[in-house]
Each structure stands twice: as structure tokens, then as C-alpha cells.
Amino acid sequence: MALNHTWKFFRAGGFDQVRLDTGADLMALDELDQKLWVALACPTTGLEFDCSTLALIDTDKDGRIRTPATRPQQRPNHRQKRKSRTAMPVITP
């Protein structure tokens, strides 16, 4: 995958953290070097973030999101085109 996402950062707790402001940020998490991650896991509840979205990211449904759940092989790939279906035969009267 091409590394083309532009990340935005903010400073908190004495170090820079990546901002996750948009859906594009979430979709590009697989491009983010793990050395830049503040935490390698987080809970799916109790955060200022939509719980239903966090539940979708929690692929093993254990109540925690870990970095592998953000990798492309672990999530549905919406960037690929759907496989074409077999065409229905044309019926003429």
C-alpha cells in the first residue's frame, strides 16, 4: 500500500500524538508506523468516541482494539472493487 496519508499531530502528556479526526485517518491506520502509536490497545467503551464504531473495529469482539485489528488483512477492504456477478441471461419473448 502506498504511504500517502498526511497525518496531523497534537502535543499532550509531554509527547506528540496522532490525531484521528476523519474516516480517512481511520482507514489509513495501517500506514501509521507502530512506533508512533500512543497505545497498542484500547477499550471499546468509556472513550470519547462512538462505541458502535469501536465495536466494528474490534474484530475478535473481546472489548479491546489492538493494532492488528487495524491492519488491512483484519478488516473488510472497501478499496477493492467487488467481484462481478454472473450476468443474467436475456429473455426475449
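Just a few scattered comments:
- Test for Thr22: is it of a type in the set (S, T, N, Q) and within 16 Å of Pro68 (Cα to Cα): no
This table checks each residue for (1) among the basic types (Lys, Arg); (2) more than 14 Å from the chain's Cα centre (by Cα); (3) not in a loop (DSSP other than H, G, I, E, B).
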| residue | (1), (2), (3) |
| --- | --- |
| Thr6 | no, yes, no |
| Phe10 | no, yes, yes |
| Leu20 | no, no, no |
| Asp25 | no, no, yes |
| Ala39 | no, yes, no |
| Cys42 | no, no, yes |
| Lys61 | yes, yes, no |
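- Restricting Ala39, Ala28, Ala2 to those that are out of contact with any strand residue (DSSP E or B) (no Cβ under 7 Å at 6 or more places or on another chain) and at pLDDT 85 or above reduces the list to Ala28.
- Any hit, the stretch 52-74, residues being surrounded by fewer than 11 Cβ atoms within 10 Å (Cβ to Cβ), polar (S, T, N, Q) and at pLDDT 85 or above: yes
The values are calculated or read from the model by the stated rules, or taken from the named source; none is laboratory data. A quick note: this is a predicted structure, and the numbers were derived from the prediction, not measured. Using ideal geometry, Cβ is built from the backbone for each residue, glycine included, and neighbour counts are taken over all protein chains shown.
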